[in-house]
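This report concerns only the one structure given below.
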Amino acid sequence: MDALQEAQLLGSRVCHLTSTAALLFELRTSLQFEEGNSALLVFRGLRSFDWSLPIKQAPLAALTVASSVPGQLGESFYVRFEFFPEAYLSVVGDLAEFYVLELEGIGEVPPDYSSMELTQVQDALPSWSSACSLLQASFSR
């Protein structure tokens with residue numbers, strides 16, 4: 001099930017004190033979501049967070065989900081992501097929460113990374129501090 005196919009990973013945060021990880025996604029490029037322009041995937045009871053970038057970082061470019069495979073690992077929930085350009089992320093936790101969000105003022109399409117400076121790109125994307133409305137929430141255990 002590639003629910004996040006063509007979405008773009010914008011950032012991740014891990015808190016070791018609370019065993020929590022959060023992934024922020026751009027949904028305007030997603031193939032599966034017609035509502036919402038961003039999403040937040042939160043893992044609670046974090047067991048593992050494994051990031052791999054086997055190639056040297058290219059010029060400023062979106063990190064696009066090529067594949068997202070969720071599943072059960074014992075009593076834990078996991079998701080393995082493959083990205084373009086080549087990168088991998090596996091996250092395992094006791095609970096996963098998925099939120100579809102709508103942010104105001106970021107436009108209908110994501111910015112063109114190749115023609116802008118980093119600060120201009122960041123201003124046109126969802127961020128951790130963006131004000132938003134919750135459209136959908138789902139929980140997996």
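Rule-based calculations on the coordinates, nothing more; no lab input. In this text, all values refer to a predicted model and were calculated from it rather than measured experimentally. With ideal geometry, Cβ positions are generated from the backbone for all residues, glycine too; neighbour counts draw on all protein chains shown.
Brief remarks follow.
- Sparse-neighbour loop sites [GluC sites (Glu not before Pro); the stretch 34-141; at most 10 other C-beta within 10 Å; DSSP]: Glu34, Glu35, Glu75, Glu104, Glu108, Glu117
- Think of the chain as a dipole: +1 on every Lys or Arg Cβ, -1 on every Asp or Glu Cβ, centred on the Cα centre; then among Ile106, Val14, Phe84, Val14 lies furthest on the positive end.
- Cα gyration tensor shape for the stretch 8-140, rounded if a/c is under 1.5, else prolate or oblate: oblate
- Around Tyr88: net Lys/Arg minus Asp/Glu count, Cβ-Cβ under 9 Å: -2
- Qualifying trypsin sites (Lys or Arg not before Pro) in the stretch 1-68, DSSP loop, other Cβ atoms within 10 Å at most 14: Lys56
- The chain, helix-only ellipticity at 222 nm - DSSP H runs n ≥ 4, -39,500 (n - 2.57), divided by all residues, nearest 500: -1000 deg cm²/dmol
- Charge tally in the Cβ shell below 12 Å around Ile106, where Lys, Arg are +1 and Asp, Glu are -1, Ile106 excluded: -4
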